[in-house]
Amino acid sequence: MITIELNHLKAENALTAALGTVEGICDEYSLNNQFGTLSLAVTEMLNSIFACAQDCEAEVDINFQIDKKDVAVEFHTDCNLEQIRCEVGKGDSANDAIFTIMRLADTVTFPSDCDIRMEFVMQPHFATANIENVRVHSEQTYSII
């Protein structure tokens, strides 16, 4: 499994960093046909997280996990995610973002109170044979004008 970590992202740079990583993953692992699915689901989830976190200075950590049969995206934040959990649990079609996420991701789970995990069944193509424990830390800095 390959893990790409984006840590301590604020609302103003999270989307740029996440979409850049999705684009890199799609290019690197021959998933270009899946770019729309991944980018839209990640965008909608980030928008939902930051909308729920209006009262706090929200930061989010995003971990992308690429395996032989799927791609998972985990979001971690210290803000309250109860509203998202409830809407996902109901399969709420009244919330356009949650409705979109539920249609794009194969599974959406909540491993803990502060975590959301989306899984997408797709088959990445690995150029290297040994992918068991590769971990990439992405510490890119983005300037927002």
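Restricting to region 86-115, and then to whatever is part of a helix (DSSP H, G or I) and in contact with a strand residue (DSSP E or B) (Cβ under 8 Å, 6 or more places away or on another chain), can you tell me which residue is nearest to H8 (Cα to Cα)?
Of everything passing the filter in region 86-115, I101 is nearest to H8 (Cα to Cα).
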Identify all residues within region 1-51 that are among the acidic types (D, E) and crowded, with 18+ Cβ neighbours inside 10 Å; write none if there are none. E44
For region 132-140, indicate whether the set of residues that are out of contact with any Leu (no Cβ under 8 Å at 6 or more places or on another chain), at pLDDT 85 or above and not in a helix (DSSP H, G or I) is non-empty. no
Flagged pairs (Cβ under 7 angstrom, 6 or more apart or on separate chains; first in region 48-74, within 16 Å of A14 (Cα to Cα); second of a type in the set (K, R) and assigned to a strand (DSSP E or B)) are E59/K10; E74/R117
Any residue that is farther than 15 Å from S112 by Cα, of a type in the set (G, A, S), modelled with pLDDT of 90 or more and in contact with an Asp or Glu (Cβ under 6 Å, 6 or more places away or on another chain) - is there at least one of those in region 59-77? yes
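The values are calculated or read from the model by the stated rules, or taken from the named source; none is laboratory data. In this text the structure is predicted, and so the values were computed from the model without any measurement. Please note: Cβ atoms are built from the backbone with ideal geometry, for glycine as well, and neighbour counts cover all protein chains shown.
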